[in-house]
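Worksheet for the structure shown next.
The values are calculated or read from the model by the stated rules, or taken from the named source; none is laboratory data. The model shown is predicted, which means the values in this text are computed figures rather than measured ones. Counting neighbours? That spans all protein chains shown, and the Cβs are built from the backbone with ideal geometry, glycine included.
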């Protein structure tokens, strides 16, 4: 049985858009779950009803078929589309952030936590640059890097000191509650206590190592894995290796990659490209040539009758597709034409000419 959206909002089927908006506003203020006496289920129904009746096309379909169709106005937060909140800020000087107001109810990420827990502090991210050789970018490598970052103090383990006592600013709760005036009335939001960093305790004697900061700036040495085929401009993320913060979680480390260019080789991920010069005699009669690769020399067999611009593939001479298999190298041939021809060469050319070459 379909829901009666008109009954949910308490309006007539011939109600004007203004009357529907007014009814929704009244009911939303009354039943929002973050207000005393509010009800989650009822608020969802109100939101769904308004999402259908406030949209001309959805309302028309609902009036005809008793349904607004699939995925239309169904309690996913879409019911606020097109709703004018400008009138909510008249005469009261109320500032509000819809992300904070509705974030906790709809699973969003506001800075506070309406009726929820205070958000934990997080340290800043760190970004460093690393330059790779062409070979390292093609084949991948493990790269040792060093940088400076704040780490949890090893002496006090982030507690900032000894002889801990209850924080008087948050009464030992670890968070402070602030009342924010919103379009839905006064709402309580929780924030991590700035004085105890969420621990609920403050040291009587500050740590002598970190001087009560809870963190120390030290040199960090780590080894990161560079995947095969990485390109310039890409970045790698190392979780938890950014700045540490007392009473919270560490930020992330972002490694910005730059690949040193090569005069001979080019790449696209794990595929490698190069140009190989071959003598005229090999181009005509075929033969083997030595290729000086970025990853060691190898022999390439040239078929007879090869021309400039022909492309040969050297199997598994590119980067690693997986742990056991490598990609190919694509080699473009360039025939070296002699600039000076002696009498013996001229004689050979005449013989070739007589044979139809």
Looking only at the stretch 325-351, which residues are touching a strand residue (DSSP E or B) at 6+ places or on another chain (Cβ under 7 Å) and not in a strand (DSSP E or B)?
327, 328
Residue that is surrounded by the fewest Cβ atoms within 10 Å (Cβ to Cβ), among those in the stretch 268-286 that are in a strand (DSSP E or B) and out of contact with any strand residue (DSSP E or B) (no Cβ under 6 Å at 6 or more places or on another chain):
268
Selection within the stretch 175-228 - closer than 30 Å to residue 269 by Cβ, part of a loop (DSSP other than H, G, I, E, B) and out of contact with any helix residue (DSSP H, G or I) (no Cβ under 7 Å at 6 or more places or on another chain):
227
Of all residues being within 14 Å of residue 269 (Cβ to Cβ) and out of contact with any strand residue (DSSP E or B) (no Cβ under 8 Å at 6 or more places or on another chain) in the stretch 305-324, which is surrounded by the most Cβ atoms within 10 Å (Cβ to Cβ)? Just the residue, please.
321
When the residues of the stretch 239-266 are narrowed to those that are in a strand (DSSP E or B) and at pLDDT 95 or above, which ends up surrounded by the most Cβ atoms within 10 Å (Cβ to Cβ)?
253
